[in-house]
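Okay, structure first, notes after.
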Amino acid sequence: MTAALGAPRGADAAGGLVDPGRVKSRLVEAHPPEGSPDGVATLIGHVAEVEGLRADLIGDELWKLEDGSARTFVDTLNPRFWQIHSTSSSSSVARLLKRITTRFTQLDSAWLPSGQLQQLEGRRLWIKSTFNGDTLLGSEAPERRWRARFEGEAPDELLHLLADTRYARATALAGVGSIVEEPGIGRAHVVADFRGSFVFGAGGDFEVGASVLWNVVRRYEALIRSLEDRHQLKLEYGEHGGFAIDGDVALIEFPERVDPQLLVEGLFTTKEPFRLWAVPKQIAEEEWEANAVDLHVGQPLRLEISPYRVRLLLDEDTCGNTLARMLTNLQRHLDARSRLALAA
């Protein structure tokens with residue numbers, strides 16, 4: 001990949017294995033039938049067969065997947081959190097990844113809440129903020145739409161200044177651009193967004209960029225596993241009968257009142273970005289409950305919705321990525337200040 005970043009357009013990079021140009025990478029959460037190379041091979045083989053892709057194992061835990069328009073390389077060293085790299089055109093890569101992450105319940109994008117995105121290493125060149133609250137806030141909300149990009153020294157601070165203005169609800173962090181330097185190795189221009197997408201600029205060192213991505217993987221895996229350890233509800237049976245329930249309710253809080261009916265109507269459409277199905281039930285004037293199914297892994301969860309919070313009860317096998325996706329998208333479509341009260 002470093003050869004591709006440094007090669008001029010039209011040149012032969014890495015023996016023709018990759019095209020020259022920027023490297024586009026994506027962090028994807030996977031649920032193979034077992035967390036082993038054999039389990040990964042089974043899942044990749046299934047995806048390739050259904051989608052008409054060619055799949056080849058070309059190294060230790062490294063797969064090549066390609067169709068007529070995109071060639072990608074899938075690093076499965078971590079069998080649950082895959083890194084997908086490509087130098088094919090951005091549009092071709094985006095179409096391929098959208099197909100496989102929406103059609104297969106075993107695969108989903110990583111969803112980086114603002115706290116995770118802010119931890120990206122390097123000297124910040126710019127940040128991007130986007131917000132669209134038409135569905136969850138309604139068309140009358142004055143701050144329902146927002147798009148801004150801040151450049152210069154410490155651009156993060158400019159976004160923080162808006163926390164005391166009428167735009168506070170809309171100041172969701174959507175992307176960052178940074179320069180990362182490793183003494184004695186090189187430098188990389190890294191662009192990252194909330195869906196776990198990364199772009200490494202031409203002329204940089206992919207080894208440096210890959211190190212950044214691995215750090216993101218480690219932090220994200222720690223977040224997801226901590227959410228599962230804390231919030232998955234499990235039954236523990238005693239030696240002499242009886243049982244205890246282990247697991248905390250997850251609580252996402254909003255600093256300002258929201259319309260719970262609008263929130264209910266926007267959450268359970270089965271579509272992106274929430275991917276939830278349910279038949280919600282109103283139990284009080286401004287209280288709703290729903291036994292939902294997360295269409296990512298097909299597992300159940302229970303939600304209780306009110307004007308200032310959403311309470312979530314995860315099933316024993318419901319993925320922590322469900323909570324990360326919920327929080328990330330509430331920050332981008334309801335209130336940028338939404339927080340998971342018990343998150344690490």
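Quick notes
- Flag for residue 162 being over 19 Å from residue 331 (Cα atoms), surrounded by 15 or more Cβ atoms within 10 Å (Cβ to Cβ) and in contact with a Ser or Thr (Cβ under 8 Å, 6 or more places away or on another chain): no
- One residue stands out in the stretch 269-312 among those that are assigned to a loop (DSSP other than H, G, I, E, B) and among the aliphatic types (A, V, I, L, M): the one that is surrounded by the fewest Cβ atoms within 10 Å (Cβ to Cβ), namely 279.
- In this entry, residue 44 is excluded by the filter for residues that are over 15 Å from the mean Cα position of the chain (by Cα), surrounded by fewer than 17 Cβ atoms within 10 Å (Cβ to Cβ) and either of a type in the set (Val, Ile, Thr) or at positive phi (or both).
- Residue list for the stretch 256-268, restricted to those being in a loop (DSSP other than H, G, I, E, B) and either touching a Phe, Trp or Tyr at 6+ places or on another chain (Cβ under 7 Å) or surrounded by fewer than 14 Cβ atoms within 10 Å (Cβ to Cβ) (or both): 256, 257, 268
- The residue list 340, 327, 312 contains one member that is within 14 Å of residue 114 (Cα to Cα) and out of contact with any Phe, Trp or Tyr (no Cβ under 9 Å at 6 or more places or on another chain), which is 340.
- From the list 195, 169, 187, 219, the lone residue that is of a type in the set (D, E, K, R), out of contact with any Leu (no Cβ under 7 Å at 6 or more places or on another chain), without any contact (Cβ under 8 Å) to a residue 60 or more places away in the chain and not assigned by TED's automatic domain parsing to the domain that holds residue 256 is 187.
- Only residues that are outside any strand (DSSP E or B) and surrounded by fewer than 17 Cβ atoms within 10 Å (Cβ to Cβ) were counted across the stretch 58-77, and they come to 5.
- The condition of being of a type in the set (A, V, I, L, M, F, W, C), in contact (Cβ under 8 Å) with a residue 40 or more places away in the chain, in contact with a Lys or Arg (Cβ under 8 Å, 6 or more places away or on another chain) and assigned to a loop (DSSP other than H, G, I, E, B) holds for residue 111.
- Every residue from the stretch 165-185 that is surrounded by fewer than 17 Cβ atoms within 10 Å (Cβ to Cβ) and either at positive phi or in contact with a helix residue (DSSP H, G or I) (Cβ under 7 Å, 6 or more places away or on another chain) (or both): 168, 182, 184, 185
- Some residue of the stretch 136-156 being hydrophobic (A, V, I, L, M, F, W, C) and surrounded by 20 or more Cβ atoms within 10 Å (Cβ to Cβ): yes
- Any hit, the stretch 192-213, residues being over 27 Å from residue 97 (Cα atoms), of a type in the set (Phe, Trp, Tyr) and at pLDDT below 95: no
- For the stretch 91-113, the criterion of being more than 22 Å from residue 275 (Cβ to Cβ) and surrounded by fewer than 16 Cβ atoms within 10 Å (Cβ to Cβ) is met by at least one residue.
- When the stretch 313-326 is limited to residues that are buried (at least 23 other Cβ atoms within 10 Å of the Cβ) and among the aliphatic types (A, V, I, L, M), the one that is farthest from residue 290 (Cα to Cα) turns out to be 324.
- Entirely in the stretch 128-239, the strands (runs of 3 or more DSSP E) that have 1 or more residues that are charged (D, E, K, R): 145-151, 173-182, 186-193, 234-237
- Check on residue 106, under 18 Å from the mean Cα position of the chain (by Cα) and under 26 Å from residue 333 (Cβ atoms): yes
The values are calculated or read from the model by the stated rules, or taken from the named source; none is laboratory data. If you're wondering where the values come from, they're calculated on a predicted model, not measured in any experiment. Heads up, the Cβs are rebuilt from the backbone with ideal geometry, glycines too, and the neighbour counts pull from every protein chain shown.
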